[in-house]
Amino acid sequence: MKDPYETLGVDRSATDKEIKDAFKKLARKFHPDLHPDDKEAEGRFKDISAANDLLKDKEKRRRFDAGEIDASGAERPQERFYRDFADGPAYASHAAQD
């Protein structure tokens with residue numbers, strides 16, 4: 001899924017009310033009951049619903065904005081830096097040989 005803010009058409013600084021209003025507007029436009037045989041509208045509605053589910057939950061939204069989870073709500077792998085490897089046991093064994 002792409003960025004949930006883009007999906008709903010709101011800014012990152014949008015309030016809860018703006019997010020809710022954007023979701024309602026788009027949900028009415030793409031709801032599968034209004035487009036029974038339109039697979040594209042159904043897919044768009046699912047994307048809109050997923051974006052709303054992520055952004056309406058304050059904790060999920062905070063974690064998404066911080067880069068801790070992706071747009072689907074899955075954990076992002078934590079980046080490892082050189083210092084993480086340098087402090088490990090492999091480095092200690094090389095230092096002991098010198």
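Coordinate-derived values only; no laboratory data. Predicted, not measured: the structure shown is a model, and the values here were computed from it.
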Open item on the list: Can you give me the long-range amide H partners of residue 69? Hydrogens built in the peptide plane at 1.01 Å from N, cutoff under 5 Å, separation of 5 or more residues or another chain.
Closed with: 64, 76
TODO: Determine the gain in length on full extension of the stretch residue 75-residue 11; use 0.36 nm per residue of separation and subtract their C-alpha separation, reporting nm with one decimal.
DONE: 20.7 nm
